[in-house]
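Take a look at the structure set out below.
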Amino acid sequence: MTNGSADTLGHLSTPVVSLDWKEQLRSLRASDSYRGADQASRTLARHPTFRVVLVALKAHGRVDEHHPDSVVSVHCLDGQIRFEVAGAAYELTPGQLLVVTERLPHSVVALAESAFLLIIGKPHHDERADANERESGMTGGSDGLNQVVARADSVPLHSVQGLVVEDTPICLIRADDGRFYALRDNCTH
């Protein structure tokens, strides 16, 4: 880092975002979300064309199979992970990188306490995906404001549900006032 500036997390509307991933990993592993689950994640940088997410997994923790509409890259930082994709398994150790094209089902298992950087490209959209979003009641705007992310009857009162909207993990909470509150970062559900 230069100029003695503090680590910065955030949106790449500024020319440069600088951070220390090791410090971010220490902080993530010390968080309540990590202590209470097998995995936790934190978005380190967000840009209209990509996101950088730090993922920490406890030994034997896993990210269940999913198939995002975007290219992803996985850069192992700590430990050892098994990345399962398209019927093959890739064991990654620190310094190794894997790039996966959109729509390929994949999952991750930590063979030891591990961490990786996940870089998620801009989602690939097609008319079928847009039609599915309309049918499910899920829509989204490019500015991330005033999005309808679920119908009220899909989340029971006083509960939390994890959703993925435009490849962004969101925790939805339905409160006593009947409103939904969404948390975009650190969703572990």
*asked:* Which pairs turn up if I take residues in the stretch 15-35 that are in contact (Cβ under 8 Å) with a residue 40 or more places away in the chain and look for partners that are exposed (fewer than 15 other Cβ atoms within 10 Å of the Cβ) and among the charged types (D, E, K, R) with beta carbon separation below 7 Å, at least 6 apart in sequence or on another chain?
replied: none
*Restricted to the stretch 74-84, and to residues that are closer than 16 Å to Trp21 by Cα and out of contact with any Pro (no Cβ under 7 Å at 6 or more places or on another chain), which residue is surrounded by the most Cβ atoms within 10 Å (Cβ to Cβ)?*
Val74
*In the stretch 9-19, residue modelled with the highest pLDDT [restricted to those that are open to solvent by 60 Å² or more (accessible area, probe 1.4 Å) and assigned to a loop (DSSP other than H, G, I, E, B)]*: Val16
*How many residues are part of a strand (DSSP E or B) and open to solvent by 60 Å² or more (accessible area, probe 1.4 Å) when one looks only at the stretch 85-118?*
5
_Residues located in the stretch 56-73, provided they are within 25 Å of Ser27 (Cβ to Cβ), of a type in the set (A, V, I, L, M) and either surrounded by fewer than 19 Cβ atoms within 10 Å (Cβ to Cβ) or at pLDDT 95 or above (or both)_ = Ala56, Leu57, Ala59
*Across the stretch 81-119, what is the number of residues that are among the aromatic types (Phe, Trp, Tyr) and either touching a Gly at 6+ places or on another chain (Cβ under 6 Å) or over 22 Å from Arg26 (Cβ atoms) (or both)?*
2
_Kindly evaluate Arg51 against the criterion of being in contact (Cβ under 8 Å) with a residue 12 or more places away in the chain, open to solvent by 70 Å² or more (accessible area, probe 1.4 Å) and not hydroxyl-bearing (Ser, Thr, Tyr)._
no
*asked:* Can you say whether Tyr34 is within 18 Å of Ala112 (Cβ to Cβ) and within 16 Å of the chain's Cα centre (by Cα), as far as the supplied structure shows?
replied: yes
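The values are calculated or read from the model by the stated rules, or taken from the named source; none is laboratory data. Predicted model, so just to flag it, every value in this text is computed and none were measured. Positions of Cβ are generated from backbone atoms using ideal geometry, with glycine treated the same way; all protein chains shown enter the neighbour counts. Ligands, DNA and RNA are stripped out before the accessible areas are found, and what is left, the full protein with its side chains, is counted by its heavy atoms. Shrake-Rupley method; radii C 1.70, N 1.55, O 1.52, S 1.80 Å.
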